[in-house]
Amino acid sequence: QVQLVESRGGLVQAGGSLRLSCSASGSTFSINAMGWYRQAPGKQRELVATISTSGTTNYADSVKDRFTISRDNAKNTVYLQMNSLKPEDTAVYYCYVVLKSYYWGQGTQVTVSS
C-alpha cells in the first residue's frame, strides 16, 4: 500500500504563485510516473501535469509555461510550482503516483481570486 499526503493549498490573488507538494510513503520502491490532476466545481477532473521516472514532463495546454512539475525520488515527493495563477486555476488538486495501479492524494483546495 502507498499513502500520499499533500501539502495545503490556499487562497492566492491572480498573478500570484503557490507550490504544492505530495509525499508518498509505504511500498514506494516501484513508483513510476507521478503527477497532478485538478477538478473545478461542475467540471470533470483534468490532468494538469505528469513526470516520469526519468524526468520527462507533460503539461495541459492551459498550464504550460506557468506550472512546473518536479520530483525528488529520494524523498518520494512530487511538486507542482504554480506561477501566474488565474481564477480559472481554482480547483481541488490531486496528486497521484503510479505503481502497478494508481494511488491518489486526498486533494487540496487552491483558490485564485481575481
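Matching residues to (1) of a type in the set (Gly, Ala, Ser); (2) open to solvent by less than 30 Å² (accessible area, probe 1.4 Å); (3) in a loop (DSSP other than H, G, I, E, B):
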| site | (1), (2), (3) |
| --- | --- |
| 8 | no, no, yes |
| 11 | no, no, no |
| 16 | yes, yes, yes |
| 31 | no, yes, yes |
| 49 | yes, yes, no |
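Considering only residues that are modelled with pLDDT of 95 or more and out of contact with any strand residue (DSSP E or B) (no Cβ under 8 Å at 6 or more places or on another chain), which ones fall in the stretch 45-56? If the condition is that a residue be modelled with pLDDT of 95 or more and out of contact with any strand residue (DSSP E or B) (no Cβ under 8 Å at 6 or more places or on another chain), then 52, 56 are the ones that fit. Suppose the filter is without any contact (Cβ under 8 Å) to a residue 60 or more places away in the chain, polar (S, T, N, Q) and not in a strand (DSSP E or B); does residue 54 pass it? Yes; evaluated as a whole, the condition is true for this residue. What residue, among those in the stretch 60-95 that are of a type in the set (A, V, I, L, M) and free of Cβ contacts under 8 Å to residues at least 24 places away in the same chain, is nearest to residue 35 (Cα to Cα)? Looking at residues that are of a type in the set (A, V, I, L, M) and free of Cβ contacts under 8 Å to residues at least 24 places away in the same chain, I get 60. For beta carbons closer than 8 Å, sequence separation of 6+ or different chains, a first residue in the stretch 14-30 that is within 24 Å of residue 98 (Cα to Cα) and a second that is acidic (Asp, Glu), the qualifying pairs are 20/6; 21/6; 22/6.
For the stretch 57-76, enumerate the residues that are open to solvent by 80 Å² or more (accessible area, probe 1.4 Å), in a loop (DSSP other than H, G, I, E, B), of a type outside the set (Lys, Arg) and modelled with pLDDT of 95 or more. Don't jump to the end; show me each part of the working.
First, the residues of the stretch 57-76 that are open to solvent by 80 Å² or more (accessible area, probe 1.4 Å): 58, 61, 64-65, 73-75.
After this cut, where a residue has to be in a loop (DSSP other than H, G, I, E, B) as well, the list is 61, 64-65, 73-75.
When the remaining residues are screened for being of a type outside the set (Lys, Arg), the result is 61, 65, 73-74.
Listed by number, the residues that qualify are 61, 65.
The values are calculated or read from the model by the stated rules, or taken from the named source; none is laboratory data. For clarity, every value in this text was computed on a predicted model and none was experimentally measured. Don't worry about glycine lacking a Cβ; one is built from the backbone with ideal geometry, like all the others, and counts go over all protein chains shown. All accessible areas refer to the heavy atoms of the entire protein, side chains included, with ligands and DNA or RNA removed. Shrake-Rupley method; radii C 1.70, N 1.55, O 1.52, S 1.80 Å.
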